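Chemist: Let me give you the structure first, and then I'll get to my questions.
The values are calculated or read from the model by the stated rules, or taken from the named source; none is laboratory data. Predicted, not measured: the structure shown is a model, and the values here were computed from it. Cβ coordinates were reconstructed from backbone atoms using ideal geometry, including for glycine residues, and neighbour counts include every protein chain displayed. Note: accessible area is taken over every heavy atom of the protein model, side chains too, but ligands, DNA and RNA are not part of it. Shrake-Rupley method; radii C 1.70, N 1.55, O 1.52, S 1.80 Å.
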Amino acid sequence: MRAPERAPSPVDVVGNATPVSETPILQLRGISKSFGSVQALTDVDFEVFRGEVMALVGDNGAGKSTLIKCVAGIHAADSGEILFDGKPVHIHSPKDAATLGIEVVYQDLALADNLDVVQNMYLGREERDWLFRLKEPLMEQRTAETLRSLSVTTIRSIRQPVASLSGGQRQSVAVAKAVQWNSKVVILDEPTAALGVAQTRQVLELVKRLADQGLAVVLISHNLHDVFEVGTRITVLRLGRDVGVYEREKTTQQEVVQAITAGIPTKVAGIPATAPELAS
């Protein structure tokens, strides 16, 4: 059955992006955010669908982190709206985001080195019985099941301290921790930064498996090689504005680099939305 046609939005016009389903699981419309005299985001649109990896790219200061922190409930947008599964929502705190099913894995991973894998997976969310004793067997079982479902096989023991894990293994634990809590959207902030070749391969394969399981994945990265390997679509931010959405299979790294460095915003006050030359 053919999906009903919809009017193209500015981001549809700029890139040749084709959504993988009719309704985005997460959609941002006209998000703006300033810090004093600094305008970090201006009228930004963004969306991600179930089962896709949406890469978010841009130079330093483009507004990527600010946009994600608005989604995560760390910053409140000055204007615009956030829709989750087609319905407007208000995210005032990270707890609100987690309740919706939005989990963010930051670059520092937020893992406790002195605790083991199970303790990190349940940190702050421990399972207890009526006497407030920890349900260790249950937590071990669920941790093992989560790692197994993501095909994480390089961790020798779920009871070994996180401090003894490699960079790729630590990243795997952080991602598994994010998806264990019935998450629907997983945001990964520079997941392959400072990793070696083998560890990077391990993390990229994990990103693919998340999308294969039907999760919506937002991948923030400066590494276009990684982006083009696992990304479904690519959203480019420049100077706090969105300058286009591109399908990985219908664009090139050179085109994306040009958008990052010289892209024209999709929406400028007083000027109708037009496709910039780089997308023609």
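Chemist: Can you pull out the trypsin sites (Lys or Arg not before Pro) in the stretch 159-192 whose DSSP state is coil and whose Cβ has at most 16 other Cβ atoms within 10 Å? If you can, show how the numbers build up before the last one.
Modeler: On the way: sites: Arg159, Arg170, Lys177, Lys184; in loops: Arg159, Lys184.
Passing sites in the stretch 159-192 are Arg159.
Chemist: Where in the chain is the longest stretch that carries no GluC sites (Glu not before Pro) classed as loop by DSSP and with at most 15 other Cβ atoms within 10 Å?
Modeler: Working: sites that count: Glu5, Glu22, Glu126, Glu127.
The longest uninterrupted stretch comes out as 128-280.
Chemist: Suppose R0 equals 41 Å. What FRET efficiency, 1/(1 + (r/R0)^6) with r the Cβ-Cβ distance, do Glu247 and Lys135 give to the nearest 0.05?
Modeler: Details: r = 46 Å, r/R0 = 1.11.
So the FRET efficiency works out to roughly 0.35.
Chemist: When the dipole is taken about the Cα centre of the stretch 93-210, and only Lys, Arg (+1) and Asp, Glu (-1) are charged at their Cβ, what size is it in debye, to the nearest 20? Mind showing how you got there, number by number?
Modeler: Numbers: 15 positive and 14 negative charges, 62 e Å.
That gives a dipole near 300 debye.
Chemist: Let me ask something else. Please report the antiparallel percentage of the DSSP beta bridges confined to the stretch 142-262, to the nearest 5. Kindly include the intermediate steps, with their values, before the conclusion.
Modeler: Details: 6 of 11 bridges.
Looking only at bridges with both residues in the stretch 142-262, the antiparallel portion is about 55 percent.
Chemist: Once phi is turned into ³J(HN,Hα) by the Karplus curve 6.51 cos²θ - 1.76 cosθ + 1.60 with θ = phi - 60°, what whole-Hz value does each residue of the stretch 72-81 show in order, with x for glycine and proline?
Modeler: Using θ = phi - 60°, the values come out as 7, x, 7, 10, 9, 5, 6, 7, x, 9 Hz.
Chemist: Using helices alone, I'd like the mean residue ellipticity at 222 nm for the chain: each DSSP H run of four-plus residues gives -39500 (n - 2.57), total over residue count, nearest 500.
Modeler: Working: 9 runs with 86 residues, N = 280.
Mean residue ellipticity at 222 nm (helix-derived): -9000 deg cm²/dmol.
Chemist: Below 11 angstrom from the Cβ of Leu165, what's the summed charge of the other residues (Lys, Arg +1; Asp, Glu -1)?
Modeler: Numbers: positive: Arg156, Arg170; negative: Asp113, Asp116.
Surrounding charge for Leu165 is 0.
Chemist: Once the convex hull of the C-alpha atoms of the stretch 151-272 is built, how many Å³ does it hold per residue, rounded to a whole number?
Modeler: Dividing the Cα hull volume of the stretch 151-272 by its residue count gives 140 Å³.
Chemist: Dipole size in debye (nearest 20) for the chain around its Cα centre, Lys and Arg Cβ +1, Asp and Glu Cβ -1? Present the calculation step by step, with values, prior to reporting the outcome.
Modeler: Values: 29 positive and 33 negative charges, 88 e Å.
It works out to roughly 420 debye.
Chemist: Still on this model: In what order, largest first, do Leu210, Leu100, Leu131 sit by accessible area if the probe radius is 1.4 Å?
Modeler: Details: Leu210 0, Leu100 45, Leu131 85 Å².
Sorted descending by solvent-accessible area, the residues read Leu131, Leu100, Leu210.
Chemist: Please name whichever of Ile155, Ala77, Val245 sits farthest to the positive end of the charge dipole of the chain, dipole taken about the Cα centre and charges placed at Cβ: Lys and Arg +1, Asp and Glu -1.
Modeler: Comparing the listed Cα positions along the dipole, Ile155 ranks first.
Chemist: Could you grab the relative contact order for the stretch 103-226? Cα pairs under 8 Å, six or more apart, rounded to a whole percent.
Modeler: On the way: 151 pairs, mean separation 39.9, N = 124.
Averaging sequence separation for qualifying contacts and normalising by length gives 32 percent for the stretch 103-226.
Chemist: Just reorder Thr261, Thr192 by solvent-accessible area, largest first, 1.4 Å probe, all chains present. Don't skip to the answer; put the middle values down first.
Modeler: Values: Thr261 80, Thr192 20 Å².
Heavy-atom accessible area, descending, gives Thr261, Thr192.
Chemist: Averaging sequence separations of C-alpha pairs under 8 Å and six or more residues apart, then dividing by the length of the chain, give the relative contact order as a whole percent. List each step's numbers first, then the result.
Modeler: Values: 530 pairs, mean separation 77.9, N = 280.
Taking the mean separation of contacting Cα pairs over the length of the chain, I get 28 percent.
Chemist: Kindly sort Leu28, Leu138 by accessible area of their heavy atoms, largest first, with the probe set to 1.4 Å.
Modeler: Values: Leu28 0, Leu138 50 Å².
Reading off the accessible areas and sorting them downward yields Leu138, Leu28.
Chemist: May I ask you to derive the FRET efficiency for Thr153 and Lys95 from their Cβ-Cβ distance with R0 = 41 Å, giving the value to the nearest 0.05? Before the final figure, lay out each step's value.
Modeler: Values: r = 33 Å, r/R0 = 0.79.
After rounding to 0.05, the efficiency reads 0.80.
Chemist: Evaluate the charge dipole of the stretch 102-159 about its Cα centre and quote only its size in Debye, nearest 20, assuming +1 on the Cβ of each Lys and Arg and -1 on the Cβ of each Asp and Glu.
Modeler: Numbers: 8 positive and 10 negative charges, 37 e Å.
Using only the charged Cβ atoms, the result is roughly 180 debye.
Chemist: Which one of Val53, Gln258, Ala198 has its Cα pushed farthest toward the positive end of the charge dipole of the chain, where Lys and Arg give +1 and Asp and Glu give -1 at the Cβ?
Modeler: Ala198
Chemist: With viscosity set to 1.567 mPa s and temperature to 4 °C, compute the Stokes-Einstein D of the chain, Rh being the Kirkwood radius across alpha carbon pairs; µm²/s, no decimals.
Modeler: Values: Rh = 19.6 Å.
Estimated via Stokes-Einstein, D reaches 66 µm²/s.
Chemist: A further question follows. Lys and Arg at +1, Asp and Glu at -1: add these up for the other residues within a Cβ distance under 15 Å of Leu147 and post the number. Mind dumping the intermediate values first?
Modeler: Details: positive: Arg142, Arg148, Arg156, Arg159, Arg170, Lys177, Arg209; negative: Asp116, Glu140, Glu145, Glu205.
It works out to a net charge of +3.
Chemist: Additional query: Work out, step by step, the length gained on full extension between Ile74 and Ser166: first 0.36 nm times the residue separation, then minus their alpha carbon distance; give nm to one decimal. Please list the in-between numbers first.
Modeler: Values: separation 92, 0.36 × 92 = 33.12 nm, distance 2.90 nm.
Taking Ile74 through Ser166 to full extension adds about 30.2 nm, to one decimal.
Chemist: Would you work out which of Pro24, Ile220, Ile91 lies farthest towards the positive end of the dipole of the chain? Charges go on Cβ: Lys and Arg +1, Asp and Glu -1.
Modeler: Farthest towards the positive pole: Ile91.
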